[in-house]
Amino acid sequence: MPARHFPSPASSPSLTDAVAETIRQRLIQGQLRAGQHLSEAAMSEQLNISRNTLREVFRILIKEGLLRHEPNRGVSVVVPSMADIIDIYRVRRLIECQALAQAWPRHPAHQRMKAALDKAVQARDAGDWLQVGSANMAFHAGIVALADSPRLSAMFSDIVAELRLAFGLVDDPEYLHAPYIDQNAHLLQLFTDGKTAEAAKTLEDYLIHSERMVLAVYARHVG
């Protein structure tokens, strides 16, 4: 993954970082979609910041691979390539499966997983499938937190933003997210029962299936 960008003294680092994180979260929450054009005028007004600060934020997110700039067309949200999707899932399997396999079943992060699962169930019952997707991302962030590594968690935050862009290519979020609520519940039960090796293998199979689904949708989208 690209290294984190440290903003220049031209704008307030705390403001620049905060706005960059706001936009990342909009990507993760599915509020910004792959390929969407970002109007500098509209976003600076919406975020109540100067255009100079917004341009600095855009530079950070372009360097992270979340946005792209095209001459005469401005800034837009990146559309992940097939190679990006494959690489994202490769990294996810390495990080998440190891985190599950090696963690103590009563690690405090399992509460994050449970809270995310509860939110997913509530969102499903309300028919809010975008929120189901957001809760699913939070569930997997909880898995990564089992590793007790701030660096891995920061890396996963970037990966999740890219992954949500790939998910955004799916026109039917219910089709994409509905199966994973019960699978996440099963995964959490295995883990809290102390069956960490089985949980890790279950997660590996789960991620392979998810990757194939996203790649199939991507192939239809670009075909």
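Using r as the Cβ-Cβ distance of Arg33 and Gln102, and R0 as 35 Å, what FRET efficiency do you calculate, to the nearest 0.05? List each step's numbers first, then the result.
On the way: r = 36 Å, r/R0 = 1.02.
Once rounded, the FRET efficiency stands at 0.50.
Measure out, as a whole number of angstrom, how far apart the alpha-carbon centroids of the range 176-223 and the range 86-119 sit.
11
Can you send over the solvent-accessible area of Ile62, 1.4 Å probe, protein chains only, in Å² to the nearest 10?
Here the residue's solvent-accessible area equals roughly 60 Å².
Once R0 is set to 22 Å, what does the formula 1/(1 + (r/R0)^6) return for the Cβ-Cβ distance between His186 and Ser153, expressed as a FRET efficiency to the nearest 0.05? Please report the intermediate quantities before stating the final value.
Working: r = 24 Å, r/R0 = 1.08.
Result of the calculation: an efficiency of 0.40.
Once fully extended, how much extra length lies between Leu94 and Asp118, figured as 0.36 nm per residue of separation less the alpha-carbon to alpha-carbon distance?
On the way: separation 24, 0.36 × 24 = 8.64 nm, distance 2.60 nm.
Taking Leu94 through Asp118 to full extension adds about 6.0 nm, to one decimal.
With all protein chains present and a 1.4 Å probe, how do Asp171, Asp148 order by accessible area, largest first?
Values: Asp171 140, Asp148 110 Å².
Per-residue accessible area, sorted high to low, gives Asp171, Asp148.
Which of the three applies to the range 123-203, rounded, prolate or oblate, going by the alpha-carbon gyration tensor with a ≥ b ≥ c and a/c under 1.5 meaning rounded? It would help to have the intermediate numbers written out before the result.
Details: a/c = 2.24, a/b = 1.25, b/c = 1.80.
Oblate, since a/c reaches 1.5 and b/c is not below a/b.
If packing is taken as the average count of other Cβ atoms within 10 Å, what order do 14-25, 129-140 fall into, highest mean first?
Working: 14-25: 17.0, 129-140: 21.8.
Most protected by this proxy first, the peptides run 129-140, 14-25.
Got a sec? Charge dipole of the chain, +1 on Cβ for Lys and Arg, -1 for Asp and Glu; which of Pro179, Ile208, Pro71 is way out at the positive end?
Pro71
What is the gain in length, in nm to one decimal, between Lys195 and Asp172 on full extension, counting 0.36 nm per residue of separation less the C-alpha to C-alpha distance? Intermediate results must be reported in sequence, preceding the final value.
Numbers: separation 23, 0.36 × 23 = 8.28 nm, distance 3.35 nm.
Extra length from Lys195 to Asp172 when fully extended: 4.9 nm.
What trypsin sites (Lys or Arg not before Pro) does the range 44-80 have in DSSP loop regions with at most 14 other beta carbons within 10 Å? Spell out each step's value before the answer.
Values: sites: Arg51, Arg55, Arg59, Lys63, Arg68, Arg73; in loops: Arg73.
Passing sites in the range 44-80 are Arg73.
If the reach is capped at under 27 angstrom between alpha carbons, list the lysines near Lys195, excluding any in the same chain fewer than eight residues apart.
Straight-distance partners of Lys195: Lys114, Lys119.
Using the basic label-point model (7 angstrom from Cα toward the beta carbon), what is the Asp205 to Lys63 distance in nanometres?
Placing both labels 7 Å along Cα→Cβ, they lie 4.3 nm apart.
What does the helix-only formula give at 222 nm for the chain: each DSSP H stretch with n ≥ 4 adding -39500 (n - 2.57), the total divided by the residues, and the result rounded to the nearest 500 deg cm²/dmol? The partial results should precede the final answer.
Working: 10 runs with 152 residues, N = 223.
So the calculated ellipticity at 222 nm is -22500 deg cm²/dmol.
The values are calculated or read from the model by the stated rules, or taken from the named source; none is laboratory data. Please read all numbers here as calculations on a predicted model, not as lab measurements. Counting neighbours? That spans all protein chains shown, and the Cβs are built from the backbone with ideal geometry, glycine included. In case anyone asks, the SASA skips ligands and DNA or RNA and just uses the protein heavy atoms, side chains included. Shrake-Rupley method; radii C 1.70, N 1.55, O 1.52, S 1.80 Å.
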